[in-house]
Amino acid sequence: MKRFLQNGRPFILVCILSTLFSCKSVQQMQEDRQNAREKDRKSFVQKTDGEIIEANEARLRQPLFGKSTIELDQDQRIPLRDIRAYQNNEAYYLRTPLGFSPRIKKGLINVYLATEMYTTYEAPSGYGRPGGTRTHTRYVYYLQKGNDAEVEQMQPKVVERYVQDYAPAMEYVNMYFQTQKKVKTWSIINTAAVFGGLVVASQGISGNNLNAAGYAGAGLFIGGLVNGFVNKIRRVKNVRNLELAVDEYNFQTRVKKRK
């Protein structure tokens, strides 16, 4: 669970989630973190043994040499290895497989946002740009059902398991899986159109011109590319249903309070 496999569907889901979250403004991120803090507390540290130490201020200290700590009120320092969670005036942070991650949604299902660095290789371009490795940042969602539970990376089956006891939330999950089936079907069709179009177009070349079959193949090829792009957008938007399922599940507590 430490990282998604880069050659599988989980990696694709992470990239989609990253794309969704990167669209949010920095201000919105800060507001989400603030709203997900423990409102009745200023700052505190929760140690791995369950002990909670309250404070007015908590700061992360990461010296170049020495141990990383959380400093409380410029007085007490607690090693990170002994800490399960902490809160300062910016956010509530929980230890996840990718380090301490801020909570961005608080409720029956808590949501945490982690960041992960990865590198890719880019070949030299024809415009004089040299090739080499590039460092990127992607966002990873973690879910936690209950404040004392372990976190799990956000995946469709995890969301389904978390919300299966609440029908309104399951409607979004079902919508996600139904749309995914359509996305897979169109993906197969578009792939066949692209490769089939290339074959037909190559057979329809007469000298330097395209005959009727060639034009048909070119049209099939272009249509496959365009529809493939549209299908990718549909896949990205579909992940929003997973977020809505979590939101709907958390919303039930507010509904019960009103009754």
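The values are calculated or read from the model by the stated rules, or taken from the named source; none is laboratory data. None of the values given here were measured: they were computed from a predicted structure. Note that we place each Cβ from the backbone using ideal geometry, even for glycine, and neighbour counts take in every protein chain shown.
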Among strands (runs of 3 or more DSSP E) entirely inside the stretch 37-117, those with 1 or more residues being outside the structural domain of Q164 (by TED's automatic domain parsing) and farther than 16 Å from L143 by Cα are 43-47, 52-55, 58-61, 69-72, 76-79, 83-87
All positions within the stretch 71-104 that are among the charged types (D, E, K, R) and out of contact with any Asp or Glu (no Cβ under 7 Å at 6 or more places or on another chain)
E71, D75, R81, D82, R84, E90, R95, R103
Residue match in the stretch 117-136 (condition: within 23 Å of N238 (Cα to Cα) and within 20 Å of the chain's Cα centre (by Cα))
no
Qualifying residue in the stretch 128-148 (condition: among the hydrophobic types (A, V, I, L, M, F, W, C) and surrounded by 11 or more Cβ atoms within 10 Å (Cβ to Cβ)):
yes
